[in-house]
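Some notes on the structure that comes next.
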Ligand SMILES: [Fe+2]
């Protein structure tokens with residue numbers, strides 16, 4: 001509770017500081033109270049939503065059932081993108097406005113007249129600080145709404161050296177990061193199920209973050225997985241978001257519902273008389289979702305999991321974190337499926353944005369030694385806005401390749 005309280009207080013303070021800077025600039029340009037009311041309304045509204053978010057967090061009476069989705073989206077976009085950008089720029093804004101105020105005073109002393117309240121460069125500056133964030137928030141929130149109801153099917157062929165000939169052409173619907181919760185629920189889940197089922201895959205493999213952060217969403221998430229159809233089975237591993245409500249409850253309830261959740265466990269099945277071993281990696285961090293994910297946690301989880309390796313079967317590793325590619329390549333596993341990155345979520349173009357800033361592998365196919373990694377952008381959302389990183393279901397086809 002205490003860490004969330006600290007975050008809440010910091011966010012309150014940032015909202016208050018933004019309002020104070022915007023209001024100071026507007027006041028200095030002698031703007032009327034009607035103009036100055038807008039930043040106050042925005043900061044006050046955001047603080048009210050924040051308070052509601054923290055008060056009802058994790059309770060059965062989830063606040064998101066009572067607050068319109070655009071407001072929830074605005075809350076996320078404001079606090080996770082626009083306010084941090086303002087914070088970064090605010091020292092420069094403060095310094096520039098101080099210089100302006102000094103210049104105004106000098107001019108006033110010189111001419112004996114009060115500085116003009118007309119529309120000039122300085123008013124433009126004041127409006128930029130006060131109005132630009134509001135305009136951006138409105139634009140981004142408006143853009144995010146249709147996005148939350150869209151995803152694509154990306155078809156990828158995976159060439160694998162030494163693929164058993166019988167497995168040539170095996171198809172997988174790879175679904176990741178559904179994040180059932182405030183931004184992904186109801187009708188979109190039904191469409192995800194329908195789209196996957198229409199692919200008529202041999203396997204459906206889910207790579208973690210089934211729920212966003214609340215066990216109240218788990219029944220809907222479980223029903224979604226149960227509705228997925230595949231000739232040879234539906235299997236999944238856990239993600240960091242699945243563990244936010246606690247380390248054991250997600251696993252206990254999901255397994256109790258009969259879902260094949262593999263937490264450092266394996267299932268061996270037979271497709272066209274050839275054995276396939278599905279290996280599900282444990283997320284492995286006690287502070288999942290809060291602490292930065294340690295690379296050695298992946299390696300140690302994988303070492304433990306590989307004691308279950310059946311060398312007669314073709315292995316597929318399900319790992320939430322894509323950096324599992326490196327230890328998997330060292331271990332000689334041919335295929336790894338991962339998610340977690342959301343394709344970078346906010347990308348300026350396919351090569352520049354949060355994806356490459358935070359991860360070595362963030363979207364599509366990667367190859368190391370004889371190991372291929374498929375990273376899904378995820379089909380759901382914990383953050384409402386995506387740029388150049390569309391939500392997706394991967395449709396993978398295994399192909400035998402020349403070594
Ligand atoms: Fe995720």
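For the range 295-324, the candidate set comprises residues that are buried (at least 24 other Cβ atoms within 10 Å of the Cβ) and within 20 Å of the chain's Cα centre (by Cα); within that set, the residue that is nearest to the ligand (Cβ to nearest atom) is 320. Report yes if some residue within the range 328-348 is buried (at least 24 other Cβ atoms within 10 Å of the Cβ), assigned to a loop (DSSP other than H, G, I, E, B) and in contact (Cβ under 8 Å) with a residue 60 or more places away in the chain; otherwise report no. Yes, there is a match, as at least one residue in the range 328-348 is buried (at least 24 other Cβ atoms within 10 Å of the Cβ), assigned to a loop (DSSP other than H, G, I, E, B) and in contact (Cβ under 8 Å) with a residue 60 or more places away in the chain. Residues that are within 23 Å of residue 77 (Cβ to Cβ) and surrounded by fewer than 17 Cβ atoms within 10 Å (Cβ to Cβ) within the range 7-35 comprise 7, 9, 10, 12, 13, 16, 17, 20, listed in sequence order. Selection over the range 349-403 of residues that are part of a strand (DSSP E or B) and out of contact with any strand residue (DSSP E or B) (no Cβ under 8 Å at 6 or more places or on another chain) gives a count of 3. All conditions but one from (1) within 16 Å of the ligand (Cβ to nearest atom); (2) surrounded by fewer than 21 Cβ atoms within 10 Å (Cβ to Cβ) apply to residue 171; the one that does not is (1).
Residues in the range 137-165 that are buried (at least 16 other Cβ atoms within 10 Å of the Cβ) and in a helix (DSSP H, G or I): 137, 140, 141, 144, 147.
No lab work stands behind these numbers, since they all come straight from the coordinates. This structure is a prediction, so every number in the text was calculated from the model and none was measured. A quick note on method: Cβ atoms are made from the backbone with ideal geometry, for glycine too, and the neighbour counts reach across all protein chains shown.
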